[in-house]
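As structure tokens, the structure follows; a few thoughts come after it.
The values are calculated or read from the model by the stated rules, or taken from the named source; none is laboratory data. As the structure is a prediction and not an experimental result, all values here were calculated from the model. Cβ placement follows ideal geometry from the backbone for every residue including glycine, while neighbour counts extend to all protein chains displayed. With ligands, DNA and RNA removed, areas are computed over all heavy atoms of the protein, side chains included. Shrake-Rupley method; radii C 1.70, N 1.55, O 1.52, S 1.80 Å.
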Amino acid sequence: MFAKRQSALAATAGTAPRAKDGPSLKPVVDALKKPPVAAGLAGLLLLSTSALFLTVLGDPKAGTPSAHVALERDAPAPQAPAPTGFEAFSMGAMGLYQNLAGGADPTAGGDAVITLPDGGSVSGQGAPITAPVHAASPLAKAPIAGLSQPGSNGPLPMIAPDGRVPAQAYARPFRPNGKPRVSLIVGGLGLNAVTTRAAIERLPPEVTLSFVPYADNLQGWIDQARAQGHEVMLEMPMEPTGYPDNDPGPYTLLADGGADDVTAKMDWLLSRATGYFGVTNYLGDRFAGSDTGMNAFLSVLRQRGVAFLDDGSFQRRPGAWARASADRVIDRTQSPAAIVAALNGLEAQAKLRGSALGAGFSYPVTVEAVARWTAGLEQRGLQLAPASSMSMRPGR
């Protein structure tokens, strides 16, 4: 049996193998020889090789030195926007004015710190007002005999029988020295005790102070201001654009209110205190366009011997017993840099034209900037003058 098997193997040795039946690979080989197909296969091979390399070896930079640092950024502290004049006037944002006495770092928070000519600095962070207190140079105590008469709501200003008028009698006396003059009005006073007291004590007596008619103890504040040497004004709330959503209060002078309404409201406003030489506007861009309202308003002031000094928005419209308009508002932007720039612009205008009148609100940053900026005016060749000295009788 074994011999038969060996004979069969010997019989087939050295013969060619028999071809297998099935499909031929020649078409595939021919296709692979084409250049586009070969290039595609080469790219696929490269991608496959790279994926295998990363899978096996992991991160190619894993062997290099590395360091990991956890960075934690503090959430930015929310900053309340600076209150508008209307918010302060309506007592809606007085909380922002209360924290003026303690320990705020003027450099904290990255806010600008402005160095003024006297070496002091001003910041917008609500730091306490640190300008020095001025010595008092008192004015005559109000009321001065003959300059008021009884009204239904209190004493009203009047022209005395001898011709004296409140616009002159209650103004701070002024004697020009020939230098260019700069005057400043700081308003919005009487609502906040801290800023009101700071303005009275730390601003030079030549700076005119303007008080809100709705303030509590208004006569007391005016008496303190005059005792320190400041002439004072009352603010007349007037209808602005957007009224009544933008509402200056119940005694707002309305553009369409008519002459009788304007006169009746002015009787209340003007009787709130005595000792002011003039009035100024609070808001009022819409009221300013009313001929009926403005004529009634200016007529009352003219008959009572009271001056009208506006913030610059009334285009020097004539009337009242005496008139003046501010050349610029110094704190439309409540930042130290913007306020100092506006004050410097006022100084340049005074040197160019001989005089300049600015108006501002009693923001703490404004009070601080004005107090320190005015301290060096004389050395810079200017004279600080009360605002009343800028007013003129109509036709003069």
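General observations
- Checking Thr280 against (1) assigned to a helix (DSSP H, G or I); (2) open to solvent by less than 50 Å² (accessible area, probe 1.4 Å), the condition it does not meet: (1)
- Any hit, the range 258-266, residues being farther than 19 Å from Leu156 by Cβ, open to solvent by less than 20 Å² (accessible area, probe 1.4 Å) and modelled with pLDDT of 95 or more: no
- Looking only at the range 291-314, and only at residues there that are touching a residue at least 40 places away in the same chain (Cβ under 8 Å) and in a loop (DSSP other than H, G, I, E, B), the one that is nearest to Phe361 (Cα to Cα): Asp311
- Of all residues making up the range 330-362, the number that are in a helix (DSSP H, G or I) and surrounded by 17 or more Cβ atoms within 10 Å (Cβ to Cβ): 10
- Hey, Arg272 within 27 Å of Pro173 (Cα to Cα) and open to solvent by 20 Å² or more (accessible area, probe 1.4 Å) or not: yes
- Considering residues of the range 213-235 that are more than 15 Å from Ala359 (Cα to Cα) and of a type in the set (A, V, I, L, M, F, W, C) only, the residue farthest from the chain's Cα centre (by Cα): Ala227
- Test: Val365 is more than 18 Å from Pro205 (Cα to Cα) and buried (at least 22 other Cβ atoms within 10 Å of the Cβ): yes
- Among the candidates Ala142, Ala160, Ala167, residue that is outside any loop (DSSP other than H, G, I, E, B), modelled with pLDDT of 95 or more and open to solvent by less than 70 Å² (accessible area, probe 1.4 Å): Ala167
- Scope the range 215-227; condition assigned to a helix (DSSP H, G or I), in contact with a helix residue (DSSP H, G or I) (Cβ under 8 Å, 6 or more places away or on another chain) and surrounded by 20 or more Cβ atoms within 10 Å (Cβ to Cβ); matching residues: Trp221, Ala225
- Taken together, the criteria place Pro237 among residues that are part of a strand (DSSP E or B) and over 19 Å from Ala387 (Cα atoms).
- Condition check for Asp267: among the charged types (D, E, K, R) and farther than 30 Å from Gly163 by Cβ: no
- Residues within the range 363-396 that are outside any loop (DSSP other than H, G, I, E, B) and of a type in the set (Phe, Trp, Tyr), tallied: 1
- Just one residue in the set Leu343, Leu270 is modelled with pLDDT of 95 or more and farther than 28 Å from Arg393 by Cβ; that residue is Leu343.
- Test: residue in the range 374-386 that is among the basic types (Lys, Arg), open to solvent by 10 Å² or more (accessible area, probe 1.4 Å), touching a residue at least 24 places away in the same chain (Cβ under 8 Å) and closer than 30 Å to Gly319 by Cβ: no
- Selected residue (only one of Arg286, Arg226 is basic (Lys, Arg) and within 30 Å of Ala145 (Cβ to Cβ)): Arg226
- Some residue of the range 310-329 being under 27 Å from Lys351 (Cα atoms), surrounded by fewer than 21 Cβ atoms within 10 Å (Cβ to Cβ), of a type outside the set (Asp, Glu) and more than 30 Å from the chain's Cα centre (by Cα): yes
- Check on Glu201, charged (D, E, K, R), in a loop (DSSP other than H, G, I, E, B) and farther than 17 Å from Tyr282 by Cα: no
- Just one of the numbered conditions (1) at pLDDT 95 or above; (2) under 19 Å from Ser183 (Cα atoms) is not true of Ser313: (1).
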